[in-house]
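What follows is one structure encoded as structure tokens, with my remarks underneath.
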């Protein structure tokens with residue numbers, strides 16, 4: 001698809017084709033500290049997996065645009081890495097990515113887990129959001145299925161207090177409790193965010209769910225599978241690069257096969273051993289689980305060729321960061 005873009009890099013509104021006068025469309029960035037439920041909520045709103053999820057912090061490394069289509073509106077959701085105090089060059093670049101994203105969106109959804117007390121990390125993020133010029137910020141109290149009604153009520157009051165503490169008497173534009181995992185209040189989140197969007201025709205064609213390149217989505221699915229059940233250190237040290245996606249030669253049109261060749265980079269031999277597992281068992285399991293999602297994404301059978309390589313201290317090396325796509 002050829003896409004018209006504005007000077008700021010956003011897609012321009014599509015030509016009007018009978019859209020109602022009150023139709024709204026725009027960009028929303030979901031922010032929050034790591035593991036606040038941003039990716040899970042993105043997927044729930046879109047209705048299909050466009051962002052990887054994991055119990056490990058720093059799972060998201062790229063902004064993922066999930067597109068919500070409604071008769072009255074279109075929401076383009078920009079999922080970002082969790083804002084945090086950076087300890088490496090990679091961490092700083094991820095924070096810079098968030099800052100660049102926030103400068104271009106129409107509204108912000110600030111995710112705060114219902115099962116964790118508001119802490120310094122949340123206040124750090126709130127203070128940064130308060131510095132944005134007139135950007136509506138909606139507080140989304142996520143993971144409500146993990147707490148009882150009393151604990152949820154207390155967290156909602158705490159979130160309201162954070163809003164007035166940082167934004168003044170007006171506080172947050174709205175506060176919405178939600179459980180993306182259970183589907184509770186997901187539609188309400190969409191309704192509230194739509195009200196913050198400008199009047200505009202759709203920005204993307206009907207049916208399009210994300211504008212991420214296929215290779216990026218494939219890499220994210222493999223990274224998600226590789227992060228399942230591993231030690232806390234690994235999420236920060238794992239990078240996935242798709243080298244090529246090519247049709248297998250000699251296959252008939254009614255029996256196609258794609259060869260997907262991928263390198264997984266870690267920083268130390270001990271991490272390589274974790275990914276590969278005893279006798280290669282864990283890497284085979286990663287391939288099996290990732291392949292299902294990749295075949296669903298690409299719409300055909302794939303042969304997944306995974307290789308684990310060491311790129312020593314790549315998170316702190318500017319040249320290696322560029323080579324690995326950061």
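The values are calculated or read from the model by the stated rules, or taken from the named source; none is laboratory data. All figures in this text were calculated on a predicted structure; none of them were measured in a lab. Methodologically, a virtual Cβ is constructed for each residue, glycine included, from the backbone with ideal geometry; neighbour enumeration extends over all protein chains shown.
Evaluating residue 124 against the criteria (1) over 19 Å from the mean Cα position of the chain (by Cα); (2) under 19 Å from residue 39 (Cβ atoms) leaves one unmet condition, (2). Listed conditions (1) modelled with pLDDT of 95 or more; (2) assigned by TED's automatic domain parsing to the domain that holds residue 307 are all met by residue 150, apart from (2). When the test is whether a residue is at pLDDT 85 or above, farther than 21 Å from residue 320 by Cα and crowded, with 16+ Cβ neighbours inside 10 Å, residue 290 passes it. Of the listed requirements (1) touching a strand residue (DSSP E or B) at 6+ places or on another chain (Cβ under 8 Å); (2) surrounded by fewer than 20 Cβ atoms within 10 Å (Cβ to Cβ); (3) more than 29 Å from residue 70 (Cα to Cα), residue 198 misses just one: (3). Only residues that are modelled with pLDDT of 65 or more and not in a loop (DSSP other than H, G, I, E, B) were counted in the stretch 199-235, giving 15.
So, in the stretch 245-268, exactly how many residues are surrounded by 10 or more Cβ atoms within 10 Å (Cβ to Cβ), out of contact with any helix residue (DSSP H, G or I) (no Cβ under 8 Å at 6 or more places or on another chain) and farther than 20 Å from residue 215 by Cβ?
Summing the residues that are surrounded by 10 or more Cβ atoms within 10 Å (Cβ to Cβ), out of contact with any helix residue (DSSP H, G or I) (no Cβ under 8 Å at 6 or more places or on another chain) and farther than 20 Å from residue 215 by Cβ in the stretch 245-268 gives 1.
The rows are residues; the columns are (1) in contact with a strand residue (DSSP E or B) (Cβ under 8 Å, 6 or more places away or on another chain); (2) more than 13 Å from residue 111 (Cβ to Cβ); (3) free of Cβ contacts under 8 Å to residues at least 40 places away in the same chain; (4) crowded, with 19+ Cβ neighbours inside 10 Å.
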site	(1), (2), (3), (4)
137	yes, no, yes, yes
143	yes, no, no, yes
158	no, yes, no, no
174	yes, yes, yes, yes
180	yes, no, no, yes
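Can you confirm whether residue 322 is modelled with pLDDT under 85, in a helix (DSSP H, G or I) and within 24 Å of the chain's Cα centre (by Cα)? For residue 322, the condition - modelled with pLDDT under 85, in a helix (DSSP H, G or I) and within 24 Å of the chain's Cα centre (by Cα) - is met.
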